[in-house]
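Step one of this worksheet: look at the structure below.
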Amino acid sequence: MKWLNYFLNFNIPFYIYKLNTNDSIISYNNIKINQPMIILYGIVYIIKNFYNNKQTTTAILNADNILYINQIKEKNCHYQIIAISKSFLISFKWKSLININKGWNYIILKEIIKLYTKTNKKYEMMNLIMSHKYIKNRIIQLLLFCARDFGSINKETVTIYYYISQKTIGTITGSTRTTINRILKNLTYNKYIKYSIDKKITINVDYFYIPNITKYKH
């Protein structure tokens, strides 16, 4: 892992969080320490929880994305990082980077800028998903996003290589499990998707246009 090697080689203090599926880290606005976190492995999603019991998903992130556990200053909400699959996150302090050799300092900061660029695209994708008025369209957009970023290509199909529960889909898209179950059954009946034995979702690309799919090795 590139980032772990950076921190070890240059004696940069760090802390690693291990999250199993559905584990979460909650960020409250009274946390004062400013520590960014880089995802080393796995997939997480970020929920913005308002104190009136409403919530919205802000991003789905994976390896080589960066986030803050306490970046938000709003007083009416807190953020929650939830693992879709087993995930490892590494946290550090900005001032620790300043103290290393200037040449390497520049290289690492340049790499961090790349992380921000990749991460911003994930936030933009989530905004696109949530911009749909109808839940069915949000689900379809979510599945296409997951197929593109976390999919394994096999001829005319793309399989999302991690299990995502109906409860998680409902949380991400802002709907109930009953509604999600009904929509997924309809998509399955019409052969847009199918479930594997281990409950992973496979998308029939004959029915969907999925641009820029990358085949992941896993």
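With Cα extents along the principal axes in Å in mind, check [x] 59, 44, 27; [y] 45, 37, 35; [z] 65, 40, 32 and report the label derived from this structure.
Checked against the structure: label [x].
Testing the spin-label approximation: label points 7 Å from Cα along Cα→Cβ at Ser96 and Tyr163. State their distance in nm.
Here the modelled spin labels are 3.4 nm apart.
Fewest Cβ neighbours within 10 Å first, please rank His78, His132 accordingly.
With the sparsest Cβ surroundings first, the list reads His132, His78.
State, as an integer percentage, the relative contact order of the chain based on alpha-carbon contacts under 8 Å between residues 6 or more apart.
In percent, rounded to a whole number, it is 19.
What FRET efficiency, computed as 1/(1 + (r/R0)^6) with R0 = 25 Å and r the Cβ-Cβ distance, is obtained for Asn120 and Asp198, rounded to the nearest 0.05?
FRET efficiency, Asn120 to Asp198: 0.15.
What's the extension gain from Lys75 to Asn190 if we count 0.36 nm per residue and subtract their Cα-Cα distance?
Stretched out fully, the Lys75 to Asn190 stretch lengthens by 36.9 nm.
If R0 is 30 Å, what FRET efficiency do you get for Asn52 and Ile16 from their C-beta distance, rounded to 0.05?
0.30
So how far apart, in nm, are the two label points at Lys86 and Leu109 if each is 7 Å from Cα heading toward Cβ?
For Lys86 paired with Leu109, the spin-label model returns 3.7 nm.
Along the positive direction of the dipole of segment 135-204 (beta-carbon charges: Lys, Arg +1; Asp, Glu -1; about the Cα centre), which of Thr188, Thr202, Cys146 reaches farthest?
Most positive-ward Cα: Thr188.
How high is the relative contact order of segment 2-130, in percent, counting Cα pairs under 8 Å that sit 6 or more residues apart?
34 percent
Hey, what number do you get for the chain at 222 nm if only DSSP H runs of n ≥ 4 count, each worth -39500 (n - 2.57), divided across all residues, to the nearest 500?
Mean residue ellipticity at 222 nm (helix-derived): -11500 deg cm²/dmol.
When a footprinting reagent is the concern and you count Cβ atoms within 10 Å, what order do Thr173, Thr178 take, fewest first?
So the ranking, lowest neighbour count to highest, is Thr178, Thr173.
What do you get for Rg/Rh of segment 35-148 when both radii come from the Cα atoms and Rh is the Kirkwood radius?
My calculation of the ratio gives 1.02.
Since every read-out is calculated from the coordinates, none of them should be taken as a lab result. Worth saying up front: this structure is predicted, and the values here are computed from it rather than measured. Neighbour counts run over all protein chains shown; Cβ positions are idealised from the backbone, glycine included.
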